[in-house]
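What follows is a set of notes on a single structure, which appears directly below.
The values are calculated or read from the model by the stated rules, or taken from the named source; none is laboratory data. Keep in mind the model is a prediction, meaning the values are calculated, not measured. No Cβ is skipped: glycine too gets one built from the backbone with ideal geometry, and neighbour counts run over all protein chains shown. The protein model used for the area step is the full one, side chains on, heavy atoms only, and it has no ligands, DNA or RNA in it. Shrake-Rupley method; radii C 1.70, N 1.55, O 1.52, S 1.80 Å.
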Amino acid sequence: DAGVIQSPRHEVTEMGQEVTLRCKPISGHDYLFWYRQTMMRGLELLIYFNNNVPIDDSGMPEDRFSAKMPNASFSTLKIQPSEPRDSAVYFCASSEVKDRVPQETQYFGPGTRLLVL
Amino acid sequence: RKEVEQDPGPFNVPEGATVAFNCTYSNSASQSFFWYRQDCRKEPKLLMSVYSSGNEDGRFTAQLNRASQYISLLIRDSKLSDSATYLCVALNNAGNMLTFGGGTRLMVKP
């Protein structure tokens with residue numbers, strides 16, 4: 001299995017531009033999570049999906065952030081308009097369900113390093 | 001106050017040393033606990049789960065004290081390759097959301 005795939009791996013953009021981050025979870029995984037990691041705040045959960053449905057988006061910082069999961073193999077996190085304080089590493093992670101029990105282990109993608117100038 | 005708190009370090013130890021990390025959590029309803037390892041500029045990866053009875057995996061031992069809401073990780077005979085950031089993680093009682101501590105950085109030197 002290829003693991004969780006994220007693109008782009010690096011993104012440099014200017015303040016005010018739209019940024020779209022992409023994630024492909026591990027095939028067969030039912031849960032997908034978006035995290036943001038900064039030096040100041042550590043690793044924070046932004047939003048997660050179960051079977052493509054957003055379950056908890058309480059970690060999304062503000063209306064400039066939106067996330068979608070149109071199908072089981074693809075999710076996007078969009079920032080519009082972007083601001084310098086959005087600079088961070090954004091990780092996508094997925095986990096599976098076995099025998100109707102959510103498994104605790106989350107598998108992380110390599111992350112997208114975002115720099116907003 | 002953060003829900004999961006760790007000493008950020010860095011812990012600088014010589015090869016072969018024994019080193020211990022501690023972590024406290026504030027949500028007594030947290031269901032399970034884990035240690036994840038994150039190498040520089042890489043993604044976090046599960047190192048081991050933490051059980052009340054203690055959990056040992058080779059040179060690594062994890063312990064949970066629910067009464068004190070305290071988690072520990074002990075690394076024996078540390079190797080250069082153990083250099084990384086160790087993240088203490090709590091799973092919520094619904095079993096679907098992880099809360100990460102800020103991480104403790106370990107540097108093992110020759």
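What to note about this one:
- Think of chain A as a dipole: +1 on every Lys or Arg Cβ, -1 on every Asp or Glu Cβ, centred on the Cα centre; then among A:74, A:8, A:45, A:8 lies furthest on the positive end.
- Each Lys or Arg adds one and each Asp or Glu subtracts one; over the other residues with Cβ under 15 Å from the Cβ of residue B:103, this totals +1.
- FRET efficiency estimate (nearest 0.05) - Cβ-Cβ, residue B:67 to residue A:9, R0 41 angstrom: 0.40
- As a length-normalised measure over Cα pairs under 8 Å and 6 or more apart, the relative contact order of segment A:62-116 settles at 32 percent.
- Take each residue of peptide B:39-48, count the partner chain Cβ atoms within 10 Å of its Cβ, and average: the result is 4.
- Ranked by solvent-accessible area (1.4 Å probe, protein heavy atoms only, all chains present), the residues A:90, A:31, B:70 order from largest to smallest as B:70, A:31, A:90.
- For the residue pairs B:42/B:79; A:98/B:42; A:24/B:42, alpha carbon separations beyond 24 Å are given by A:98/B:42.
- Spatial extent of the protein assembly as shown: Rg and Dmax, with the Cα atoms as the point set, Å: 17.8, 52
- Judged by the gyration tensor of its Cα atoms, with axes a ≥ b ≥ c, segment B:32-110 is oblate; a/c meets the 1.5 cut and b/c is at least as large as a/b.
- Within the full protein context, the accessible area of residue A:29 is estimated at about 20 Å² for a probe radius of 1.4 Å.
- Neighbourhood net charge (9 Å Cβ-Cβ; Lys/Arg +1, Asp/Glu -1) for residue B:85: +1
- When B:72, A:66, A:94 are compared by accessible area of protein heavy atoms, the largest-first order is A:66, B:72, A:94, using a 1.4 Å probe.
- If you model segment A:39-117 as an ellipsoid using its alpha carbon gyration tensor, with each semi-axis the square root of five times an eigenvalue, the axes come out at 24, 14, 11 Å, biggest first.
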